1. Restricted to the range 354-363, and to residues that are assigned to a helix (DSSP H, G or I) and either touching a Cys at 6+ places or on another chain (Cβ under 9 Å) or at pLDDT 90 or above (or both), which residue is surrounded by the most Cβ atoms within 10 Å (Cβ to Cβ)?
2. If only one of Phe76, Phe59, Phe67 is in contact (Cβ under 8 Å) with a residue 24 or more places away in the chain, more than 15 Å from Leu299 (Cβ to Cβ) and surrounded by fewer than 13 Cβ atoms within 10 Å (Cβ to Cβ), which one is it?
3. Which condition number in (1) under 21 Å from Arg85 (Cα atoms); (2) in contact (Cβ under 8 Å) with a residue 40 or more places away in the chain; (3) surrounded by fewer than 18 Cβ atoms within 10 Å (Cβ to Cβ) is the one that Gly149 fails?
4. Is there a residue in the range 303-323 that is at pLDDT 85 or above, in a helix (DSSP H, G or I), out of contact with any helix residue (DSSP H, G or I) (no Cβ under 9 Å at 6 or more places or on another chain) and hydrophobic (A, V, I, L, M, F, W, C)?
5. Determine which member of the set Leu351, Leu343 is touching a Gly at 6+ places or on another chain (Cβ under 9 Å), surrounded by 15 or more Cβ atoms within 10 Å (Cβ to Cβ) and at pLDDT 85 or above.
6. Given the conditions (1) part of a helix (DSSP H, G or I); (2) at pLDDT below 90, and given that Ile425 satisfies all but one, which numbered condition is not satisfied?
7. Give the residues of the range 79-103 that are among the aromatic types (Phe, Trp, Tyr) and buried (at least 24 other Cβ atoms within 10 Å of the Cβ), sorted by residue number.
8. When you check Val366 against the structure, is it farther than 21 Å from Thr144 by Cβ and either crowded, with 24+ Cβ neighbours inside 10 Å or touching a strand residue (DSSP E or B) at 6+ places or on another chain (Cβ under 8 Å) (or both), yes or no?
Amino acid sequence: MDAFLWFLAFIGALLLFMATRAPVAVGMGLIGALGSIAFVSTGALTQLASIAYSQSASFVLVVVPLFVLMGEVIAFSGMGAALYRAASLWLRRLPGGLAAATVLACAGFASVCGSSPVTAATIGAVSVPEMIRNGYDKRLALGTTAAGGTLGILIPPSIPMILYGVITETSIGKLFLAGILPGLMMAGLLILTVALQVLWKPEIAPKLPEPANRSERWRALGEVGPVIVLAVGIIGSIYGGIATPTEAGAVGAAGAILIATLMGRMRLALLKTSLDITVKTTAMFLLLLIGGLFSSFVLARLGVPQGMSEMLTSLSAQPWMVIVMINLMLIVLGMFLDPMSILVIVAPIFLDAVRDIGYDPVWFGVIMTIQIEIAAITPPVGFNLFVLKSVGGEAFQMKDVVSGALIFIVPLMLGIVLLVMFPEIALWLPRFVQ
């Protein structure tokens, strides 16, 4: 129980820092530093400095700016529009075809991005106006895009999975591989949710006037060929043993720049903007990582991870019940904290409990990723909700985005249930490749 009280005290202190509008990373860092002085020793600050330096100098983290740069260049290249056009031509006969196409386009863009907000913004800039123009209900259009954007962090490459791998010392390659089948499953569940909504209320998504002819569909598919080749090349090189994730990230960034150049979209201003965003995102990532490690250091010295593990396992003899309790805590945290902060805080605390009940850390990484997907569309802090509001501008209200997105929490939670019941959905591919 002491461990749980320390955990609550930590969350309370962090929320207090957030109330002062201090960045979450700074709050976690200060809590870690002050906690080390108060509960460990003043000499612990030297250890914190060593932690900050060793993590910043880690070769593994080089992959972060490379994948971020790749996603930004692809986003600015206009490939998101091509992906949406191809998906809409192939899926337009389905109930809510344009909304289903939005999910599929998000899944395709996720394979070369790794960021949920970037995926939602890139595809949403094209899909939302198109759906509204064709008479779709604005809540369906906004909600589908917000939910589809969450695939950006489940389908590899994924920045949160890299963060999880670094924090928990789990293979990033295995995490990427483990995210493929759950990512496709989630895309299918989101499309099914769209179809059920439209079958229940056909007026929210009028049928499109003319089906696309076969040649037009294949031509549109050919236009997204470079992205498909890039995505397959990145994932294939990692799992084929040809390249490490870092080397694959370098190839991906170079490939994205080449694609943008061949498409005639590469300009010096575009490259400068992409590099600027990459630097800012990487700096935020490192600050969040170091702040999280500072907090994890003092929490570990207080025995919180071990204590939480003992408490959770003592509450239930059933492993799946422990996972349910962890997920309920994550849902609550998702209402107040941003996704990356949740990952940094929770992963090291609950990992011991997950291992003790016999679950694989790779599998838990996928579960954590889906949980922060839910956080991305959960008010009041859900990032994707604000992204879609900014895409829609003054034409839409925040309540339209929220009401449209909330229904998609159901398929995301269903996906977690399926993964708890059938862990092999995530683990089969890594084991098969191994």
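The values are calculated or read from the model by the stated rules, or taken from the named source; none is laboratory data. Fair warning: this is a prediction, and the values are worked out from it, not measured in the lab. As a convention, Cβ positions derive from the backbone with ideal geometry for all residues, glycine included, and neighbour counts pool all protein chains shown.
1. Filtering first and then ranking leaves Val362.
2. Just a single option satisfies the conditions, and that option is Phe59.
3. (3)
4. Checked against the condition, which is being at pLDDT 85 or above, in a helix (DSSP H, G or I), out of contact with any helix residue (DSSP H, G or I) (no Cβ under 9 Å at 6 or more places or on another chain) and hydrophobic (A, V, I, L, M, F, W, C), the range 303-323 yields no hits at all.
5. Leu343
6. So Ile425 meets the others, but not (2).
7. Scanning the range 79-103 gives a single hit, Tyr84.
8. yes
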